[in-house]
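Comments concern the structure below.
The values are calculated or read from the model by the stated rules, or taken from the named source; none is laboratory data. This structure is a prediction, so every number in the text was calculated from the model and none was measured. FYI the Cβ positions are ideal-geometry reconstructions off the backbone, even for glycines, and counts take in every protein chain you see.
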Amino acid sequence: MHLSDNSAAESAAAPGPVADWIRRAPKAVLHDHLDGGLRPSTIIELARDCGYGELPTEDPEALALWFRDAADSGSLERYLETFVHTCAVMQTREALFRVAAECAEDLAADGVVYAEVRYAPEQHQERGLGLDEVVDAVNEGFREGERRAGGRITVRALLTGMRHTRRSLEIAELTVAHRDRGVAGFDIAGGEIGNPPADHLPAFQYLKRHNCHFTIHAGEAVGAESVHEAVQVCGAERIGHGVRITDDIQVQDDGTAVLGHLAAYVRDNRIALEVCPTSNLQTGAAKHYATHPIDLLHRLGFRVTLNTDNRLVSGTTMSREFQHMADAFGYGPEVFERFTVAAVESAFLPLPERRRIIGEVIRPGYAALG
Ligand SMILES: O=c1[nH]cnc2c1ncn2[C@H]1C[C@H](O)[C@@H](CO)O1
Ligand SMILES: [Zn+2]
């Protein structure tokens, strides 16, 4: 199957109403960018505080729309250009603390009980912060947000190295230095084309030597070969997006699917795919919700997880992603329970904590939906 076989691209749908049971369902998100999920009103206030004068508008609703529309470009590179405005206002300890606390609060208000939130520390040094100061400020913000949410959410940070800079080994070292203190693992993000993950092998080898978890953005703008490189050359435990794995799946006329060796490896080794449907529609990695490969991958037994990627930039929430998938494929609570359990099983958390969240929060939460 090739995703570009679909006809005209569908733009990411404007948010519609979300069913009550979806709001109440416990959710887990493994792929959510801190700098892609700020409250519009917070961006405007922080911009005033720090004298950043480049925002496209100072009206919160118009700003939210601007992000979604600007990111709705069909290209990952253009999608990523919008982050210049969010990163610009995240350059002080106070700003990072506030954004992280609000992130945890907003996720909890949406029913998220476990979140791994990622960001690139190197992008928050424009006003002189050291990397450790950035990580400490974000971690303190997450702890504050957990407190404000009354302990209904657990948040861990993933530290992201950017593909186009050459600081990934430094960020990998930062990850190991801060693990067990709020940081759960490492990621590589940024424009995929021309920046293969193997360029960052020293970082991945360092993480492996230190038994540290990592995921890699792959199979989003580049095809299945990038998933192969991320998994087999770099050793990723999970894949950010990964939807282009469908390049290695042949769907026959009778509807049966034949998996190539890479697709079979990913499925059979339970390598989680951090799928972000709305973001995929915006960057051109998929054309329509109704033909998004998540359903094929789910039906073939891949370890699928459902994620937001960037709540502000993609104009979404976990509840909205659930609703889009319910509308597109008729999914009910049993499918979302499966995605949610899969996410926590693949979380970069110690096994007893994963079991506690699944057994004490997710299973009872879905049972209570009736
Ligand atoms: O979907 C994505 N693919 C690649 N890079 C991304 C994506 N979403 C966000 N990013 C980048 C932009 C952010 O500034 C950076 C760190 O969160 O990660
Ligand atoms: Zn991402």
message: So for region 355-367 (the condition being in a helix (DSSP H, G or I) and in contact with a Leu (Cβ under 6 Å, 6 or more places away or on another chain)), does at least one residue qualify?
response: no
message: If I ask for residues that are more than 16 Å from ligand 2 (Cβ to nearest atom), buried (at least 18 other Cβ atoms within 10 Å of the Cβ), farther than 19 Å from A198 by Cβ and of a type in the set (V, I, T), which ones from region 236-293 would you list?
response: T246, I249
Filtered residues of region 89-120 (kept if of a type outside the set (A, V, I, L, M) and within 16 Å of ligand 2 (Cβ to nearest atom)): C103, E116, R118, Y119
- prompt: Between a first residue in region 279-293 that is closer than 14 Å to A70 by Cα and a second residue that is away from ligand 2 (no atom under 14 Å from the Cβ) and hydrophobic (A, V, I, L, M, F, W, C), which pairs have beta carbons less than 7 Å apart while being 6 or more apart in sequence or on different chains?
  reply: L281/A12; Q282/A12; G284/A9
query: Out of region 185-220, which residues are of a type in the set (G, A, S) and either part of a helix (DSSP H, G or I) or more than 15 Å from ligand 1 (Cβ to nearest atom) (or both)?
result: A198, A203
message: Can you say whether T86 is among the β-branched types (V, I, T), within 16 Å of ligand 2 (Cβ to nearest atom) and at pLDDT 95 or above, as far as the supplied structure shows?
response: yes
query: Do we have any residue at all in region 325-336 that's outside any helix (DSSP H, G or I), closer than 24 Å to E81 by Cα and out of contact with any strand residue (DSSP E or B) (no Cβ under 8 Å at 6 or more places or on another chain)?
result: no
- request: Scan region 54-64 and give yes if some residue there is in contact (Cβ under 8 Å) with a residue 12 or more places away in the chain, assigned to a helix (DSSP H, G or I) and within 13 Å of ligand 1 (Cβ to nearest atom), otherwise no.
  value: no
- request: With the condition kept exactly as written, say whether any residue in region 89-103 is surrounded by fewer than 23 Cβ atoms within 10 Å (Cβ to Cβ), on the phi < 0 side of the Ramachandran plot and under 19 Å from the mean Cα position of the chain (by Cα).
  value: yes
message: Looking only at helices (runs of 4 or more DSSP H) that lie completely in region 221-309, which have at least 2 residues being within 15 Å of ligand 1 (Cβ to nearest atom)?
response: 224-228, 277-283
field: Members of region 337-354 found to be part of a loop (DSSP other than H, G, I, E, B) and of a type outside the set (S, T, N, Q), listed by number
entry: A347, F348, L349, P350
